[in-house]
Every structure is written in C-alpha cells, then in structure tokens.
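Below is one structure, written out as structure tokens, with a few remarks after it.
The values are calculated or read from the model by the stated rules, or taken from the named source; none is laboratory data. The structure presented is a predicted model; accordingly, all values stated were derived computationally and were not measured. A quick note on method: Cβ atoms are made from the backbone with ideal geometry, for glycine too, and the neighbour counts reach across all protein chains shown. Accessible surface areas use protein heavy atoms only, side chains included; no ligands, DNA or RNA. Shrake-Rupley method; radii C 1.70, N 1.55, O 1.52, S 1.80 Å.
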Amino acid sequence: MSNDTQISAKVSSVSKSQGEFVSPNMSIEPVSAKTVNDHLSIGGCDTVELAKTFGTPLWIMDEQTIVQSVLACKAGLSGYPQTQVFYAGKAFLCLAICHLIKNMNVGLDVVSEGELYTAVQADMPAKSILLHGNNKSQEELNKALEIGARIVVDNLAELKLITQIAKTKNTQAKILVRVIPGVTGDTHQHIQTGQEQSKFGIALSSLPAVVSFIEQNRQYIKFLGLHSHIGSQIHKLQPFTQTIEILAKTYASIKDDFGLTLGELNVGGGLGIAYTAKDKPIAIETWSRTLAQTVMSEFNKYNLPLPILLVEPGRALVGTAGVTLYQVGFDKWTSNGTHYVALNGGMADNPRPVTYQALYTACLANRMGAPKGSQPITLVGKYCEQGDIIIKESLIAPEDGDLVAIFDTGAYNASMASNYNRTGRPACVLVADGKAEIIIERETNTDLIDKDKVPKRLLKDSP
Ligand code: LLP
C-alpha cells in the first residue's frame, strides 16, 4: 500500500498538463479533479464547501468525466458504419443522468420497471431503450411493448410470453436474443456472466430451437439480432474479442440454417476502471475501437453484411466520475495494533467492499498535502457489521474534523445503496463549471418512515 498518497500527489498539481489525455476510466480521480488551496476540487467546486452546503456523506458526480467517457466510447466506434451506444443504467440512474446521456445521443439499457419508468419520465425515446433481465415481469414486458422499446430476450419461456402479449396487442415485438458465448472474463465470480453456467441468456446449443420458434411467430416477433454480455470490471480485451468471434460464427450459422441475416449485434458492456494504482484497465476508446474492428474482420470473414453495432457500458462511463465525501468520526486501536478510523457512512452507501472485496483509494479532501501516516489505518463505516470496511489499509492520516474522499464511487454505489440501520441515503450532486446541483435529494428520517403502517390494534389508545 498505499495508492492514497500517490493519488494526493497526482491530484495536487494545480491543473493537469494541457494536451495530456488519459482515458477517464484509467485514472482514479475524476478528470476535473484538482488541488486548490490544499482542498480537493471537482468540477471547479471546492469539496470542503460542498460538504458544508450539502452535508456528508455526499455523492459527487463529475459531469466532465461522464461526457469525456461517452465521447471516448463514440470515438472508438467512429470507423464503424452504424453504431448505437447504450448506457447501462444499473450502474447509476436518476432523471438527471437520463437527460445527460440522452442529450449526448446515448440510449439506455434498463433492467426493471423502475429503470424503465425513469427513462420514460426523462422522455428517453423508445428507440433508445433496451429492456434486459433474466426474469422480466409481465408488467415490464407490457410496458416495453406498449412504448416500442427493444427487448433483450433471456430465455424461451420469456419469448413465448412476449409472443402472447404481442398477439393481444396486435403488435410486433422488437427483440434481440441474449446468448451465452461460454467465455469467462477476468473478474470477480459474482460478476462473470459469459460462462456456460450463467443464469443469464440462452446456451448456444439451445439457440436453434429459439430461432425456429421466432420463425414460426414472425408476425409478432421482429428478430433484430443477438446480444452477449460476459461480465463486469474486465481488464483484458481477449474475452471481448473471443466473444465476438463466437457471435460472428453464430450469425453465419443462423444465415446458413435459417436463411436469416440479422441486422443488429449487441456486444454488451463490462469494461473495467481503475480503483487503485494497481488497476490497469483498457482505455475506453481502445476498447470500443477493438470491438468495432473485431466485428468488421469477423463478419467479413464469413461474408456477412455488417450489423448495426450496439454497446452498453455502465461502469466505464460513470465509475470514475463519482467521489464520496465522508466526515471522519471516532477512532480506536485494537490490542494487535489495528487503527480503525470510522467514517459517517459505509456499507449502506457503498456495499462493494463487503460484497466483492472491492478496493478503493482515499484522500483527505481538506488537507490534500498532508503527510502520509507511518502505519496503515483501516477506514471503517458506521454500520452494524464488522465487514463494513471501506479501505482495509490506507496511508492517509486523518484527524478530527477531516473530510475523507473515496474515489471511483460513481458506478454501483448509489444504485446498490440501502437503508441499512434505518439510515437515509446520501444526497448526490452533479458538478460542472464551478456549479454543484442536487440530482438526488438526501433521504430524511421522514422519508424512512413514510411507507410504514401501524396496525390499529398496536396503538395503545386505539378504541
Ligand atoms: N449489460 C448488461 C446486460 C449487464 O448486465 C451489465 C452489468 C452491463 C451491460 C454493464 O456492465 P458494466 O459496463 O457496468 O460492467 N454490481 C457489480 C456490477 C454488476 C454488473 C451487472 N451488469 C459491481 O458493483 O461491481
């Protein structure tokens, strides 16, 4: 350890050298991060001021990082005839983010009624919505069909249900079929989805039966293409290119066996980001360019026309945009010399360390130039679980009243947050050009009891 000092040093140069371009997913801090007057500044906003104005814990999202990430993804795809970028909303979704990505001509991959509702409320056009899920409800399918969004079908039973619904609505469902390529990505077991035993998608051996069913129900089903997503936080290109090779071969056999030429191909998301200095992710642009080039060469190999290429990254577009600010609380030493420093948030606003043993990088937002400690400390949360550890070994040396910033909390933090210990979820601000605007309000105690109901008989003074 520790990356913490390195990051402080890196961020502490007042501004980054002009012209030096680091892909946003490769640098631990947001692209707009600077040190100004010894304070961490993001999007031109002093984080110490943000803590005063909005309180802590606070989720900060840097708009510039999101915009640059999207542009990098699109730049990599620019040599391909027709492409569509979808943002995987499960990484982080709220109305403001929907609008932000819509304004950049990016579509949305949704996976629940709530995400679909959010997209609709943000006036996301149907052609820009993809509905995913391994167990979609009738309501979700109904809604997708009603608005004309594309559906990524996960299994044959779902396909049969979609056909029934389309029949009753006398419409044609636009579908892609999710297949399992049998490729394992270099990532945590919980977030690998390309392997044979995955709960998502259709095994390639079962695909002919699915295509036959579609062929028999063409009136109600428009078969656009195949989809594959092999997992998340992947640092190598090989699993992606291997997947595309398998998909191209599958398109060729669908053409040979059924005479069908599919017009779209969705190769999913999954690109990793740097959480610590040890992480060496692939640049976003390199990733999307490699996908595009591989699709071109593989489809040419089989003499197949190029399908419209769809990609759906989540983490790589928003992960490094996010920073969580916490206030330092009590500390304690254990008999074996562990020095715990407690923060005023933890596993409820960031369940990733306890869930995936995810690693993070910290700095002291109010004293960026502070010397590192001589011994590592353990940054823990305030929740009632021993596993509520944000960073096991950090060399920052917090003092009373300090503000700790944890980098790379933009993806799968707010979206996976809970109300554990009846704690309201933090506010989220979007920062850009020296302005910070609330995009998600802090949950209050009133919000926490808002949905509670007490049976009358439990009320002492009830008649
Ligand atoms: N497409 C599909 C079908 C997906 O299931 C996912 C993520 C994505 C795209 C976007 O993947 P990304 O580009 O963000 O890697 N909670 C975990 C990550 C779960 C990913 C779920 N699916 C974590 O915190 O690491």
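The sole residue among Gly268, Gly263, Gly345 that is modelled with pLDDT of 95 or more and within 16 Å of the ligand (Cβ to nearest atom) is Gly268. Total residues in the range 278-297 satisfying the condition of being more than 15 Å from the ligand (Cβ to nearest atom) and either open to solvent by less than 10 Å² (accessible area, probe 1.4 Å) or closer than 24 Å to Thr324 by Cα (or both): the figure is 4. In the range 19-35, which residues are within 21 Å of Trp59 (Cβ to Cβ) and among the hydrophobic types (A, V, I, L, M, F, W, C)? Correct list: Ile28, Val31, Ala33.
On the given criteria, is Leu226 open to solvent by less than 10 Å² (accessible area, probe 1.4 Å), within 16 Å of the ligand (Cβ to nearest atom) and not in a helix (DSSP H, G or I)? Yes: the conditions hold for Leu226. The C-beta contact set for the range 166-182 (first residue closer than 16 Å to Ser206 by Cβ and of a type in the set (A, V, I, L, M, F, W, C), second residue within 13 Å of the ligand (Cβ to nearest atom) and in a loop (DSSP other than H, G, I, E, B), distance under 7 angstrom, 6+ apart or interchain) comprises Val179/Gly201; Val179/Ser228; Ile180/Gly194; Ile180/Ser198; Ile180/Gly201.
Every test in (1) in a loop (DSSP other than H, G, I, E, B); (2) under 18 Å from Pro181 (Cβ atoms); (3) within 16 Å of the ligand (Cβ to nearest atom) is passed by Tyr275 save one, and that test is (2). For the range 111-128, taking the residues that are of a type in the set (Gly, Ala, Ser) and in contact (Cβ under 8 Å) with a residue 12 or more places away in the chain, the one that is farthest from Glu312 (Cα to Cα) is identified as Ala122.
Against the numbered list (1) under 24 Å from Ala436 (Cα atoms); (2) surrounded by fewer than 22 Cβ atoms within 10 Å (Cβ to Cβ); (3) of a type in the set (Gly, Ala, Ser), Gly322 comes up short only at (2).
In the range 229-250, which residue that is in a loop (DSSP other than H, G, I, E, B) and out of contact with any helix residue (DSSP H, G or I) (no Cβ under 6 Å at 6 or more places or on another chain) is nearest to the ligand (Cβ to nearest atom)? Taking the candidates together, the pick is His229.
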